[in-house]
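Remarks on the structure that follows.
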Amino acid sequence: MTNDQLQKLENWLETRWVKPAYAGGLLLGLSVFFFASATNTMAGWLYVISGVSFALLAIAAILPARSISPLQVRRRPISPVSAGDDLCIELELINPLPQPKTLLQVRDILPETLGTPAREAIAAIPPRSSHRWLYYQKA
């Protein structure tokens, strides 16, 4: 796979499901390697290692998407500004569930002309409440 094809695959996965981390790709490669080695040598312990690794990958692929799917994100209207002024951008993350949502990283993807995407780590959003994120970006 070329680098361009890999980038397209990552973008497709990120918009439709979850984007794999480097460690996830590394674990996938090792799992395939252990499975191929187990098939070649017929060693049971290699089957166990590859099976546990594939199970961890499946859990790691399903749980993040399932965890954040009920969250709602609402962007407040952005007031008009002139070039060079600061944009005031406000996002509200709403947790409608009776359980708190913990350890989230939010990334607001803006047009490339406005700069790099803003990020914030959120420790917890209490049950049935919201978290307001306000930040400024140069226009």
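The values are calculated or read from the model by the stated rules, or taken from the named source; none is laboratory data. Keep in mind it's a predicted model, so treat the numbers as computed, not measured. Using ideal geometry, Cβ is built from the backbone for each residue, glycine included, and neighbour counts are taken over all protein chains shown.
The rows are residues; the columns are (1) outside the structural domain of T15 (by TED's automatic domain parsing); (2) more than 30 Å from L28 (Cα to Cα); (3) surrounded by 11 or more Cβ atoms within 10 Å (Cβ to Cβ).
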site: A55; (1), (2), (3): no, no, yes
site: A61; (1), (2), (3): no, no, yes
site: S82; (1), (2), (3): yes, yes, no
site: E92; (1), (2), (3): yes, yes, yes
site: R107; (1), (2), (3): yes, no, no
site: H131; (1), (2), (3): yes, yes, yes
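Those strands (runs of 3 or more DSSP E) of segment 32-139 in which 2 or more residues are under 20 Å from P20 (Cβ atoms) and touching a residue at least 24 places away in the same chain (Cβ under 8 Å) occupy 101-108.
Within segment 8-27, does at least one residue satisfy the condition of being among the basic types (K, R), surrounded by 11 or more Cβ atoms within 10 Å (Cβ to Cβ) and farther than 30 Å from S130 by Cα?
Checked segment 8-27: at least one residue is among the basic types (K, R), surrounded by 11 or more Cβ atoms within 10 Å (Cβ to Cβ) and farther than 30 Å from S130 by Cα.
Across segment 109-129, the qualifying residues are those that are loosely packed, with under 13 Cβ neighbours inside 10 Å and among the β-branched types (V, I, T), and the one among them that is farthest from S67 (Cα to Cα) is T113. I'd like the residue in segment 97-139 that is under 15 Å from the mean Cα position of the chain (by Cα), farther than 25 Å from V81 by Cβ and of a type in the set (V, I, T) and, out of all such residues, is modelled with the lowest pLDDT. If we take residues in segment 97-139 being under 15 Å from the mean Cα position of the chain (by Cα), farther than 25 Å from V81 by Cβ and of a type in the set (V, I, T), then T102 is modelled with the lowest pLDDT.
Considering segment 28-53, and only residues there that are among the polar types (S, T, N, Q) and surrounded by 12 or more Cβ atoms within 10 Å (Cβ to Cβ), the residue that is nearest to S69 (Cα to Cα) turns out to be S53.
Quick check on P96: is it farther than 15 Å from Y135 by Cβ and surrounded by 11 or more Cβ atoms within 10 Å (Cβ to Cβ)? Answer is yes for this residue.
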